[in-house]
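A short worksheet on the structure shown next.
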Amino acid sequence: MANDREVLREIWEGRLPIKFSIADEDKGEMLTEKDPYHILVPRMTYLPLLPVKKHFESAIPATDTDNMPTELWYSCKDIPLKWQIPIGVLYDLVGGDQLPWEIKIRITEFPTEKLQRLGTNIEDMVRSSFIHNVKEAGYMKHRGTVMNHLKPEQHNQLWRGLHRDKFDDFWSINHRLMEHIDNAPYRCIPFRIYTDMHERYIQRLFKPMTEDDKLTTLGQLMKQFLPDSVVEVGDSDDPDILKSYEVAAGKRIKIQGIETPLNTPIQWLSEHLSHADNFLYIVVSDFEQLAT
């Protein structure tokens, strides 16, 4: 079980300063001018859960040109931002090293080929996506045996803990989803590798132990599923780990905004650096890409 509470709290308390402003393309559609909105947000949360619309409410028309309710969407560097992806992962993907992170608010030209519409029941949509991910991750780790034994109220507490940024409330339930059954490691590690916002992420089955009981590492996972991102540098000094790896030249690999050592056991990373939906998000980028 994930028992290093200081690490868990440190990850939970990761924050990003964001500046929201109306995109130039949509300023003519607004009812009035509005100053940018500055806010410090948890990396764990999701864009639709932020009070951005409330700040710009007086400027946003109630309906669009088709007389439908106006729907907000967000972009960075003209890249539409997916609301299903945690904010911290979005930043690692497209934010570069810019702080505060500048995000544009859009109300026209909704990119239906790249974004899923939220509709009017915004919180319900985000909650449904979140719980679906938690269940999927639970099946990969324990064949769903832990998640299936949680009561509906415990599902609700998990969601409320995330939504209200309550570490103790969230982890009082989530610690059960991180436990080892019969002291065995997870069946498979729930992970997603992102290299681009709108390319399909990489998600495969990957075990935390080899057949001869050696720990598998982040480097081994990357070598197997994105081989150009790492280079093998020889045998590991750790007797429990087979091979040692380094990040390939010109690449950057981040988890929770951290350039994580590739020899870190993937089981430990899953327990301590996963997002609230229990997935380990790995972002791979080029230095040239970050500079644009």
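Brief remarks follow.
- Calculated FRET efficiency for the pair residue 70/residue 33, C-beta based, R₀ 22 Å, to 0.05: 0.80
- In nm, spacing of pseudo-spin labels at residue 122 and residue 228 (7 Å Cα→C-beta vector): 3.8 nm
- Placing a pseudo-label 7 Å from each Cα along the Cα-to-Cβ vector at residue 6 and residue 180 gives an inter-label distance of 2.2 nm.
- With both residues required to sit in region 147-273, DSSP beta bridges show an antiparallel share near 90%.
- Rounded to 10°, Cα long-axis angle of helix 167-177 versus longest principal axis of the chain: 50 degrees
- Heavy atoms of residue 32 accessible to a 1.4 Å probe, total area in Å² rounded to 10: 70 Å²
- (i) 1.42; (ii) 1.06; (iii) 0.95, with the label sought being that of the calculated Cα Rg over 2.2 N^0.38 Å: (ii)
- Accessible surface calculations at 1.4 Å, restricted to protein heavy atoms, place region 58-115 at 44 Å² per residue.
- For the cross-link pairs 77/151; 77/207; 104/151; 214/254; 34/135, the ones whose C-alpha atoms lie over 31 Å apart are 77/151; 77/207; 104/151; 34/135.
- Ligands, DNA and RNA left out, the 1.4 Å accessible surface of the chain is 47% carbon and sulfur atoms.
- Cα gyration tensor shape of region 4-50, rounded if a/c is under 1.5, else prolate or oblate by comparing a/b with b/c: prolate
The values are calculated or read from the model by the stated rules, or taken from the named source; none is laboratory data. Keep in mind that this is a model prediction, so the values were computed, not measured. Because the Cβ atoms are built from the backbone with ideal geometry, glycine has one as well, and the counts that use them run over all protein chains shown. Accessible surface areas use protein heavy atoms only, side chains included; no ligands, DNA or RNA. Shrake-Rupley method; radii C 1.70, N 1.55, O 1.52, S 1.80 Å.
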